[in-house]
1. What spacing in nm lies between the two simple spin-label points modelled at Asn118 and Lys23, each 7 Å away from Cα in the Cβ direction?
2. Once the principal axes of the Cα atoms of segment 6-86 are found, what is the range along each, listed largest first in whole angstroms?
3. Once amide H atoms are placed 1.01 Å from N in the peptide plane, what residues at a sequence separation of 5 or more from Glu76, or on another chain, have their amide H within under 5 Å of its amide H?
4. With a/c under 1.5 counting as rounded, go ahead and sort segment 95-185 into rounded, prolate or oblate using the C-alpha gyration tensor (a ≥ b ≥ c being the square roots of the eigenvalues; past the cut-off, prolate if a/b is larger than b/c, else oblate).
5. Which pairs, out of Lys23/Lys132; Lys100/Lys223; Lys105/Lys216; Lys90/Lys216; Lys90/Lys138; Lys60/Lys152, put more than 31 Å between their alpha-carbon atoms?
6. Amide H to amide H, which residues 5 or more places from Leu37 or on other chains are under 5 Å from it, using H placed in the peptide plane?
7. Around Ile31, which amide H atoms from residues at least 5 apart in sequence, or from another chain, sit under 5 Å from its own amide H, with H modelled in the peptide plane?
8. Counting only C-alpha contacts under 8 Å and six or more residues apart, can you give the relative contact order of segment 95-185 as a whole percent?
Amino acid sequence: MIPFTDDELKPVVSNLIDKIRPKLALDGGDIQFLDVLNSKVYVQLLGACVGCASSGDTLKYGVERDLRLNIHPELEVINVPFGMENQLDKLWKKVNLNMKIFEKKLFQEAERFFNNENYDIALLNYSKILEKNPNSRKAKILVILTEMVMNKESGGDALYDYYLILLSENIADAEDVIQNILDSMDNKKLDFSDITNSPLKKHLMYADGITYSDFKDVAIKEKGFKKAFEDIVFTTKVIITNKRELVDFLNNLIEFEFYSAALNYLEGALKSFPNDTSLQFLANKLNISSESWEN
């Protein structure tokens with residue numbers, strides 16, 4: 001889920017697209033930012049980009065890639081045909097329908113490849129779905145189960161078949177059922193009062209810091225971000241290993257009003273990347289949130 005509102009995204013997206021325009025102008029093309037609705041970015045390709053055979057690649061591997069790298073990895077860009085500038089809701093319904101058709105086809109093909117034991121191709125299809133729709137729990141579950149079968153982990157085949165049965169019977173919480181089974185298999189239901197059985201506690205015993213991925217995998221799942229961070233804030237440093245983790249971590253700190261900690265991490269990041277758009281956006285968000293809290 002994208003943790004920003006449409007109104008928060010609009011100025012940042014518009015500013016970044018303005019920086020992309022000179023690249024397109026080199027080949028006679030241009031792009032106009034129209035709006036952000038439901039976290040979808042609507043633009044209109046202009047000039048030489050109109051009707052160009054490479055316009056789809058320009059949109060996906062140029063514009064969308066830059067937005068995902070600099071703002072949020074789940075952003076999607078939609079090119080608006082001429083004449084539909086004032087019908088974005090209608091256009092989204094059409095795009096959403098096409099996406100559902102696309103997903104259905106890939107799910108069917110992936111199941112066929114899986115049944116033929118072409119697990120790598122099945123996994124590729126599920127990954128394509130997640131690329132277009134990162135929030136698809138169905139695709140995420142099937143990626144996990146397919147990888148289990150590929151790695152010859154016990155129960156993988158049975159769980160895959162069981163999940164498909166749940167889906168065929170329209171069980172509303174099918175993903176939750178499978179996730180609970182996976183959690184129990186991985187022994188993720190941990191007792192934090194028992195230091196000998198907690199990976200997080202063991203990690204803290206032997207290091208001054210904990211990676212954000214470890215922190216999320218264990219602490220947040222058990223206690224929620226606020227309580228988990230309160231437990232370690234004065235004793236342990238959270239180690240960030242990539243930009244996506246940094247953005248996610250900062251957003252959580254701001255959301256749960258750990259403004260001082262957020263400022264410390266953000267100041268360090270801005271020293272290394274002073275012109276980074278997403279970090280500047282978070283700095284502005286932090287400033288607005290902390291002022292509101294103080295008032």
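1. My value for the distance between the label points is 3.4 nm.
2. 31, 27, 17
3. Long-range HN contacts for Glu76: Val41.
4. oblate
5. Lys100/Lys223; Lys105/Lys216; Lys90/Lys216; Lys60/Lys152
6. Tyr42
7. Leu46
8. 18 percent.
Just so you know, all these numbers are worked out from the coordinates, no wet-lab data involved. Because the structure is a prediction, the values reported are computed rather than measured. In this analysis, Cβ positions are derived from the backbone assuming ideal geometry, glycine residues included, and neighbour counts consider all displayed protein chains.
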